[in-house]
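The values are calculated or read from the model by the stated rules, or taken from the named source; none is laboratory data. Remember, predicted model here, so these are calculated numbers, not experimental data. Cβ sites come from the backbone with ideal geometry, for glycine too, and all protein chains shown count toward neighbours. Surface areas here come from the heavy atoms of the whole protein model, side chains and all, with no ligands, DNA or RNA. Shrake-Rupley method; radii C 1.70, N 1.55, O 1.52, S 1.80 Å.
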Amino acid sequence: MNVSPTRAAADAASPGALPATTPPTSGGSGVSVSLGYALAVAGAAAGAGGGDPALLDAAGGRLSFEQVRGVWDLALGEGADPGVGLRMGADLRPAALEVLGHLVLGSVSLGEAAEAAERYHRLVSEAGEIALVRGAALSRLVYRPVVAPQSMHPQQVEAVVAGMVSAARWLAGPGWAPAGVSFTHTCGGDEPLYVRVLGCPVAFGAPENALIVPTAELDRRRAVPDPGLTALQRRYADGLLADLIGAVTVADQVRRWLAAAPLDQVTPADVRAALCLGERALRRALREDGTSWRALLDEARHARARHLLESTDLTTDRIARAVGLSGAAALGHAFTRWQGTSPGAYRRSWRAGGV
């Protein structure tokens, strides 16, 4: 089944769909990547003549985003293969995803594997989040970086998306392909290579980085060799996830949640349900962190609006509604408060390289 990624990108703007990627304005400080995935990056970099796994110095089985970004910088040096990210994703092996790789292999369907990726991806890398957006006929597995756009190479995004295709093929067979793939960035290399690696139509400059999959394929079940082992691995992954986020403040958890949330629909009740906190507990925790729900929502709207102005040609009215404001005038007032300039002036300055 061939479906244009452009069509799916248009669907993303429909009511109820999640908006485009929403990275915060900060870089990758404090963001970590698992050693298994970092070694896969280093191996791809070495193959491209740009790196050596010996460069990696993991503490507690994880590396900083900046360390891994440095390996990518070497891999993408002058004269490097611009397809290195695609090739890395195509060559991905379960061990690179550590416990998430085992959970994917033990999944009863592509949908269950996608839900495992949605829940546990941050065990592999905290630089982005995965969201499964189900539709009646077509569903999307969306990858959203949560670091500043300028801190992540497009090839890093391509490695993740191509890796999701590889992981699906572990279950569905080597000939499996999505109905389409979309990227928010422009094509930086050989466009036919994308089609060969991903096996489907590819769109660039789209609202989101995503795999487009027929929903019926997500729900097609298969026999699982050892359900008990999969359950044990899931409990282990839950423990690792609790350890990873345990040192993160409630305010930071809300920020991460808002970064992937539809800001035109979100309510405090939604985040309370996601974090399993009562109303008073959430209010108290945010007060102890020196902030509030209103302040964090305003911060998220600011980050979302900046990103959409920088990376899309959406009108200011559409951007306003995507971030939960009433229209272009409301965005103009808010953006002047945030940035000291109008949305249109900010967009022109950004594109001229002045921001």
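Among the residues of the range 171-183, count how many are more than 12 Å from the chain's Cα centre (by Cα) and modelled with pLDDT of 95 or more.
Counting residues in the range 171-183 that are more than 12 Å from the chain's Cα centre (by Cα) and modelled with pLDDT of 95 or more gives 7.
Suppose we filter Val213, Val202 for residues that are touching a Ser or Thr at 6+ places or on another chain (Cβ under 7 Å) and closer than 20 Å to Arg144 by Cα; which single one remains?
Val213
Name the single residue, out of those in the range 204-233 being small (Gly, Ala, Ser) and under 17 Å from the mean Cα position of the chain (by Cα), that is most open to solvent (accessible area, probe 1.4 Å).
Looking at residues that are small (Gly, Ala, Ser) and under 17 Å from the mean Cα position of the chain (by Cα), I get Gly205.
Hey, does the range 239-258 have a residue that's open to solvent by less than 10 Å² (accessible area, probe 1.4 Å) and either of a type in the set (Asp, Glu) or under 29 Å from Asp313 (Cβ atoms) (or both)?
The answer is yes, given that some residue of the range 239-258 is open to solvent by less than 10 Å² (accessible area, probe 1.4 Å) and either of a type in the set (Asp, Glu) or under 29 Å from Asp313 (Cβ atoms) (or both).
For the range 217-262, name all the residues that are assigned to a loop (DSSP other than H, G, I, E, B) and among the hydrophobic types (A, V, I, L, M, F, W, C).
Those that are assigned to a loop (DSSP other than H, G, I, E, B) and among the hydrophobic types (A, V, I, L, M, F, W, C): Ala223, Val224, Ala247, Val248, Ala260, Ala261.
Name the residues in the range 263-274 that are assigned to a helix (DSSP H, G or I) and within 24 Å of Glu208 (Cβ to Cβ), would you?
Just the residues of the range 263-274 that are assigned to a helix (DSSP H, G or I), to begin with: 268-274.
Within the range 263-274, Asp270, Val271, Ala273, Ala274 qualify.
Of all residues being open to solvent by 20 Å² or more (accessible area, probe 1.4 Å) and in contact (Cβ under 8 Å) with a residue 60 or more places away in the chain in the range 165-187, which is farthest from Phe65 (Cα to Cα)? Just the residue, please.
Ala172
Working only within the range 125-156, note down all residues that are closer than 21 Å to Pro82 by Cα and open to solvent by 10 Å² or more (accessible area, probe 1.4 Å).
The answer is Pro145, Pro149, Gln150, Ser151, Met152, His153, Pro154, Gln155, Gln156.
With the requirement that a residue be crowded, with 19+ Cβ neighbours inside 10 Å and more than 17 Å from the chain's Cα centre (by Cα), what does the range 106-119 give you?
Answer for the range 106-119, where residues must be crowded, with 19+ Cβ neighbours inside 10 Å and more than 17 Å from the chain's Cα centre (by Cα): Gly106, Ser107, Leu110, Gly111, Glu112.
Give the range 274-321 a look and list any residue that's at positive phi and small (Gly, Ala, Ser), or say none.
Start the filter on the range 274-321 by keeping residues that are at positive phi, which leaves 276, 290.
Within the range 274-321, Gly290 is the sole residue that qualifies.
Scan the range 272-302 for residues that are modelled with pLDDT under 90 and either aliphatic (A, V, I, L, M) or under 24 Å from the mean Cα position of the chain (by Cα) (or both) and report the count.
Number of matching residues: 9.
Under 7 Å between Cβ atoms, which residue pairs at least 6 apart in sequence (or on different chains) link something in the range 85-98 that is under 15 Å from Ala113 (Cα atoms) and open to solvent by 40 Å² or more (accessible area, probe 1.4 Å) with a partner that is in a helix (DSSP H, G or I) and not charged (D, E, K, R)?
Glu98/Gly36; Glu98/Leu123; Glu98/Val124
Checking Ala269 against (1) under 22 Å from the mean Cα position of the chain (by Cα); (2) loosely packed, with under 15 Cβ neighbours inside 10 Å; (3) among the small types (Gly, Ala, Ser), which test does it fail?
Against the list (1) under 22 Å from the mean Cα position of the chain (by Cα); (2) loosely packed, with under 15 Cβ neighbours inside 10 Å; (3) among the small types (Gly, Ala, Ser), Ala269 comes up short only on (1).
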